[in-house]
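Student: If you scroll down you'll find the structure; I have some questions about it.
Nothing in this text is a laboratory measurement; each read-out follows from the coordinates by a stated rule. Since the model is a prediction, treat every value here as computed from it, not as a measurement. Every residue, glycine among them, receives a Cβ derived from its backbone with ideal geometry; neighbour counts consider all protein chains shown.
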Amino acid sequence: MSAGRVIVQEAPFEPADVLRDFARGRGDVGAVVSFTGLVRDADAGPLVTMQIEHYPGMTERAIGRMVETAIRRWSLADCLVIHRHGEMRKGEVIMMVATAARHRADAFAAAEFLMDYLKSRAPFWKKELTEDGAEWVAAKEADEEALRRW
Amino acid sequence: MSAGRVIVQEAPFEPADVLRDFARGRGDVGAVVSFTGLVRDADAGPLVTMQIEHYPGMTERAIGRMVETAIRRWSLADCLVIHRHGEMRKGEVIMMVATAARHRADAFAAAEFLMDYLKSRAPFWKKELTEDGAEWVAAKEADEEALRRW
Amino acid sequence: MIDVLYFAWVRERIGVPREQVETQARTVAELVEELKGREARYAAAFADVSALRAAVDQDLVDDFSASIEGAREVAFFPPMTGG
Amino acid sequence: MIDVLYFAWVRERIGVPREQVETQARTVAELVEELKGREARYAAAFADVSALRAAVDQDLVDDFSASIEGAREVAFFPPMTGG
């Protein structure tokens, strides 16, 4: 079991570099799952940039609790969440989740749980800038629905 | 949609290097999921080495079909499977799956589908060498069970 | 005195990211009613409370009947869109 | 003539990874019967066919009633343990 790690930052980061160091050199980890969220074109059309606003203080606190819950519930050997805020362009990395466990089912379930909670319960708000103007991304009913399985 | 990529090799590889190049520079990918399988201690006790035997020819063919199915079923933008055979030590990477999709649910489902099929339908056989001797890893009923959800 | 924070389009409608508010409100809902009575921009921001979420001292509340007594900060924002 | 391949503990019990077999067998099950009649090591390897899987020309078969007519290679092995 580990304390996990939560990083909220404006600067870009490379998930590959994070994955390289994550949960290595241990004899008890058989499965590592990573999720990387990237800026893609808006449903409305080609994206110019994305802006992510967040609630400093609450963000770290809310994610920290999700990570604690995941570590306990799936006996994770390690767990990591990195989430950016500020402005980013198409193709840039927005965030990353990584989980390490003895067995694959736990690593997958914990990563999906964290993604579902980050989506709807971590205080981030996305704004998409397209040629047609700026628009706050609306929360999806499907994302709220996804929380109910946990 | 992509053709996907299947690599079966004896040589070690670094998942971080693979992830760095995977599905980047595209405007349609919002979610990348990776799974890394590592050699861990045997259920029976500390591991000395693991040996993986495979069926050259059938291996690539069987995995290729799983990848095609995953790409079609979850409209993946890209998909990759790398699986090693031969001898490896504790902590070494055995295999990796990566999936890229517009939405996270598809990337996760496809990665889990591939893992479940690789586990029980790709022609690999693991042998664990511990202090007590060598033992072929037995297939688990839970792994057969996991296939039924797809 | 309590710090009131606004995020995303709530912040844009109200025009400031945070402000100090002198209030007797005991719940989030009472605070919303007080703010709505202030100026049109508040009334606009809080017109549809079903579209809003609130946090008291950085904890998301289940509904607006949540107490704010003794709280240092209350935040209003639309449903989150992280990940 | 058909190539017969063995993997994992099936290979270890039979002692060779592959061999050419002259056979009249029309199904996997018939081939197993022929092989079992050869020597003790085959009988040992095929003692419990429920613990075995087979592939015909590199396609996993659902059960041992599968045809091997015209096949180039047939493989026998325990349940797979990849991933």
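Student: Which distances, shortest first and in nm, link A:Glu10 to the matching position in the other copies, using label points set 7 Å out along Cα to C-beta?
Tutor: 5.3
Student: Distance check, please: which entries in A:Lys119/B:Lys119; B:Lys119/D:Lys36; A:Lys119/A:Lys140; B:Lys140/D:Lys36; B:Lys127/D:Lys36; A:Lys119/C:Lys36 exceed 20 angstrom between their Cα atoms?
Tutor: Too far apart for the 20 Å limit: A:Lys119/B:Lys119; B:Lys119/D:Lys36; B:Lys140/D:Lys36; B:Lys127/D:Lys36; A:Lys119/C:Lys36.
Student: Kindly identify the range B:1-108 as rounded, prolate or oblate by the Cα gyration tensor criterion: order the square roots of the eigenvalues as a ≥ b ≥ c, call it rounded if a/c is under 1.5, otherwise compare a/b with b/c, prolate if a/b is larger, else oblate.
Tutor: Prolate, because a/c is 1.5 or more and a/b exceeds b/c.
Student: Output, in nm with one decimal and in ascending order, the distances from the B:His103 label point to the matching label points of the other copies (7 Å from Cα along Cα-to-Cβ).
Tutor: 3.0
Student: Tell me which C residue has its C-beta closest to the axis rotating C onto D, and the distance in Å?
Tutor: In chain C, the Cβ lying nearest the symmetry axis toward D is C:Gly83, 14.
Student: Counting Lys +1, Arg +1, Asp -1, Glu -1, what net charge surrounds D:Arg72 among other residues with beta carbon under 10 Å of its beta carbon?
Tutor: After counting each charged neighbour, the total is -3.
Student: Evaluate the relative contact order of chain B (contact order divided by residue number), counting alpha-carbon pairs under 8 angstrom at least 6 apart; express in whole percent.
Tutor: Relative contact order for chain B comes out at 33 percent.
Student: Trypsin sites (Lys or Arg not before Pro), restricted to the range C:15-60: which are DSSP loop and have at most 16 other Cβ atoms within 10 Å?
Tutor: Loop-located and lightly packed - C:Arg26, C:Arg38.
Student: State which stretch of chain D is the longest one without any exposed GluC sites (Glu not before Pro), exposure meaning a DSSP loop state and at most 14 other Cβ atoms within 10 Å.
Tutor: Within chain D, the longest run free of exposed GluC sites (Glu not before Pro) spans D:40-68.
Student: Compute the longest continuous run of chain A that contains no exposed trypsin sites (Lys or Arg not before Pro); treat a site as exposed when its DSSP state is not H, G, I, E or B and it has at most 10 other Cβ atoms within 10 Å.
Tutor: The longest such stretch corresponds to A:1-147.
Student: While we're here: Please compute the contact order of chain D in relative form: average sequence separation of alpha-carbon pairs under 8 Å and at least six residues apart, divided by the residue count, as a percent.
Tutor: Averaging sequence separation for qualifying contacts and normalising by length gives 38 percent for chain D.
Student: I'd like the FRET efficiency for C:Arg72 and A:Glu131, computed as 1/(1 + (r/R0)^6) with the beta carbon distance as r and R0 of 30 Å, rounded to 0.05.
Tutor: 0.10
Student: Right, here's the next one. Loop-only GluC sites (Glu not before Pro) in the range B:1-87, please: DSSP not H, G, I, E or B, and at most 15 other Cβ atoms within 10 Å.
Tutor: Listed in order of number, the matching sites are B:Glu10.
Student: At 7 angstrom along the Cα-to-beta-carbon line, where would the label on A:Pro56 sit relative to the other copies? Give the distances in nm, shortest first.
Tutor: Counterpart label points of A:Pro56 in the remaining copies fall at 6.0 nm.
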